[in-house]
Ligand SMILES: *Cc1c(COP(=O)(O)O)cnc(C)c1O
């Protein structure tokens, strides 16, 4: 137990809120070493849309490994890559009438964001990129400069340049149209906002507080970008792969982004895998210009193909996600209503929703109470004030209901002012002592 405290950096984060040792997982459940069962409403921060250890993906992966399939391949052609690309074209791109090139980057989301920024700047020969309030795009310097959160930005230690920040949909209330503002500053040569290479945006801001933009806003953004010869990058790393109710989160808006980043649930199995998609005419990379040792991941190609075959061959899964999304919205509306007075509000859409508890302390009391009842759920937002529901999309309806029951009971408890003990003694029945001593 002590090994984590003694050896692992203080930078660890999720493990502080869920101080158990996890041993196995299946679907929407995780089990600790003492065989306690938890419902997983964190789902690898959106990397496990199809749950843990999906049996079909696991079988395909084991078969591939046992057959002596390539594990590492740089960017060589492999059968695993071919089959993934054929499936992705047939079941994702062609079905949506989308014409995009695929670029495999290093395996994490931030790698895909770096590549998309680099290509936009190279294509437009402009250094600035517009990013939005509460945006989250990763932790390496280029992506971090697009990220809004000061706790993370402050870690950079150098000036984060190259981003110009503009207000996201709703940031200034319902009355102010932030797209008109964007159009105005890009039209006015004395606005002080340099013409950017691109705008980078999330349709639902995962880490930034589950804010989402309306389809109208997104269409407006797309039009303003076209009007000013600015590329539109949709960072679909967390909102993509079905989370919003369709494979890509921008489908409802009917826009065609120039560049799209995907990672998190793309492999389907929790394996590291990231990809950038862009319009064919933007493919002006020269060979090896953006390189890397781990571009494409053969094991992830195998599970990603299996995920698409299993869930995206027809509309059934998408319909299920929408139905569950509606159930979540109905339940959360009722919970929020109960506490009236605008104390709590519901955020997000699809299976990407949250409860804004206004204050981070209350939100963390609620998530701690929920953990005690067997639910793993995290917070997001500036002040960690949003309880973020991010369960696997494949969750059984009765488990989804149970998870939300636990959230509701936890809110009831916290709001009834039941004294929730401090973290240290709260987990006194737990053998792990992972609280920082200072
Ligand atoms: C998680 C996330 C990233 C960064 O991905 P990493 O794999 O953590 O580097 C970038 N953009 C969005 C929208 C994300 O949610």
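The values are calculated or read from the model by the stated rules, or taken from the named source; none is laboratory data. All values reported here derive from a predicted model rather than from experimental measurement. Cβ: placed from backbone, ideal geometry, glycine included. Neighbour counts: every protein chain shown.
Some points to look at:
- Qualifying residue in the stretch 120-134 (condition: within 15 Å of the ligand (Cβ to nearest atom), under 19 Å from residue 257 (Cβ atoms), crowded, with 21+ Cβ neighbours inside 10 Å and under 17 Å from the mean Cα position of the chain (by Cα)): yes
- Of all the criteria given as (1) surrounded by 15 or more Cβ atoms within 10 Å (Cβ to Cβ); (2) in the same structural domain as residue 362 (by TED's automatic domain parsing), the one not satisfied by residue 300 is (2).
- A residue that is within 22 Å of residue 314 (Cα to Cα) and touching a strand residue (DSSP E or B) at 6+ places or on another chain (Cβ under 6 Å) can be found somewhere in the stretch 217-236.
- Answer from 266, 282 - the residue that is within 15 Å of the chain's Cα centre (by Cα) and modelled with pLDDT of 95 or more: 266
- Residue, surrounded by the fewest Cβ atoms within 10 Å (Cβ to Cβ), within the stretch 241-250, restricted to residues that are within 13 Å of the ligand (Cβ to nearest atom) and under 18 Å from residue 354 (Cβ atoms): 244
- Only residues that are under 19 Å from residue 348 (Cβ atoms) and touching a residue at least 24 places away in the same chain (Cβ under 8 Å) were counted across the stretch 165-182, and they come to 6.
- Residue ID - farthest from the ligand (Cβ to nearest atom), chosen from residues in the stretch 174-207 that are assigned to a loop (DSSP other than H, G, I, E, B) and closer than 29 Å to residue 391 by Cα: 203
- Top-ranked residue in the stretch 251-270 [being closer than 15 Å to residue 116 by Cβ and without any contact (Cβ under 8 Å) to a residue 60 or more places away in the chain; ranked as farthest from the ligand (Cβ to nearest atom)]: 257
- Residue count for the stretch 225-240 satisfying the condition of being assigned to a strand (DSSP E or B) and either within 13 Å of the chain's Cα centre (by Cα) or more than 12 Å from the ligand (Cβ to nearest atom) (or both): 4.
Table: residues versus (1) in contact with a strand residue (DSSP E or B) (Cβ under 6 Å, 6 or more places away or on another chain); (2) in a helix (DSSP H, G or I); (3) under 30 Å from residue 225 (Cβ atoms).
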| position | (1), (2), (3) |
| --- | --- |
| 269 | no, no, no |
| 284 | no, no, yes |
| 287 | no, no, yes |
| 292 | no, no, yes |
| 305 | no, yes, no |
| 320 | no, yes, no |
| 324 | no, yes, no |
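- Tallying residues that are more than 30 Å from residue 319 (Cα to Cα) and in contact (Cβ under 8 Å) with a residue 24 or more places away in the chain within the stretch 336-363 yields 6.
- Residues within the stretch 46-60 that are crowded, with 20+ Cβ neighbours inside 10 Å, away from the ligand (no atom under 16 Å from the Cβ) and assigned to a helix (DSSP H, G or I), tallied: 2
- For the stretch 96-117, the set of residues classified as more than 16 Å from the ligand (Cβ to nearest atom) and assigned to a helix (DSSP H, G or I) consists of 96 only.
- When 233, 237, 255, 259 are checked against the criterion of being in the same structural domain as residue 146 (by TED's automatic domain parsing) and within 17 Å of residue 47 (Cα to Cα), 237 stands alone in meeting it.
- Failed item, numbered, when residue 355 is tested on (1) in contact with a strand residue (DSSP E or B) (Cβ under 7 Å, 6 or more places away or on another chain); (2) part of a loop (DSSP other than H, G, I, E, B): (2)
- When the criteria are applied in full, residue 89 meets the requirement of being farther than 17 Å from residue 236 by Cβ and more than 16 Å from the ligand (Cβ to nearest atom).
- Cβ-Cβ contacts under 6 Å between residues 6 or more apart (or on different chains), taken from a first residue in the stretch 43-60 that is within 14 Å of residue 305 (Cβ to Cβ) to a second residue that is in a helix (DSSP H, G or I) and within 16 Å of the ligand (Cβ to nearest atom), are absent.
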